[in-house]
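The values are calculated or read from the model by the stated rules, or taken from the named source; none is laboratory data. These numbers come from a predicted model, not from an experiment. Side chains included, ligands, DNA and RNA excluded: accessible areas come from the protein's heavy atoms. Shrake-Rupley method; radii C 1.70, N 1.55, O 1.52, S 1.80 Å.
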Amino acid sequence: MKTEIMITEIKTPLRKMIKLYLKQAKEIELFLSLNPNEWGKFQSEFNKELNGIFTTIMNFEKHCLLEGDENKVYKLKQFFVNKFRSLFLHGQYIEWSLRKPYGYAGDFRIIDDIYRKYPTTTGFDRLFDNYYQMSSI
């Protein structure tokens, strides 16, 4: 019972954060579909929104793991994957990491692109590729 209460406590704020993100993302994506090279106008706010979502998840995971309850972490991951994962699958780097065209996520091509620090995408995908670049892997 305590596990279900804890999971519910994180799901509610996470849903609210993702709902806000979705509203903003749709507006940004529409604008960038018409102005694909103007992604820089949105990068800072975009990063802030994603950082908030992922920080909430990471803090929950950290808390649960410190308590020795991996089951809560597993349930949250399943919830996130089933409900929201597709909303965050944009950009060349994320697609490449999941598709693994050369057999593994960290293949030579993506590593080379990461070290060059110059994504070639534009529009909404560019926001994700830049975020991927700035994130610790």
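Could you report the chain's accessible area per residue, 1.4 Å probe, as an integer in Å²? Write out the running numbers ahead of the final one.
Values: 8830 Å² over 137 residues.
For the chain, the per-residue accessible area is 64 Å².
What is the range 82-137's relative contact order, in percent, from Cα pairs under 8 angstrom and six or more apart in sequence?
On the way: 37 pairs, mean separation 22.1, N = 56.
It rounds to 39 percent for the range 82-137.
Helix-derived [θ] at 222 nm for the chain: sum -39500 (n - 2.57) over DSSP H runs of at least 4, divide by residue count, nearest 500? Write down the numbers at each step before the final one.
Working: 6 runs with 100 residues, N = 137.
Rounded to the nearest 500, the figure is -24500 deg cm²/dmol.
Relative contact order for the range 19-137 using alpha-carbon pairs under 8 Å, separation at least 6, rounded to a whole percent? Spell out each step's value before the answer.
Details: 74 pairs, mean separation 42.7, N = 119.
Once divided by the residue count of the range 19-137, the mean separation gives 36 percent.
Apply the Karplus curve 6.51 cos²θ - 1.76 cosθ + 1.60, θ = phi - 60°, to the phi angles in the range 109-123 and return the couplings in whole Hz, x for Gly and Pro.
5, 5, 4, 4, 4, 5, 5, 6, 6, 9, x, 9, 6, 10, x
Rounded to the nearest percent, how much of the accessible area of the chain (1.4 Å probe, protein heavy atoms only) is carbon and sulfur?
Details: 5050 of 8830 Å².
About 57 percent, which is the carbon plus sulfur part of the accessible surface.
Could you give each residue of the range 13-18 its phi-based ³J(HN,Hα) in whole Hz, using Karplus coefficients 6.51, -1.76, 1.60 with θ = phi - 60°, and x for Gly or Pro?
x, 5, 4, 5, 5, 5
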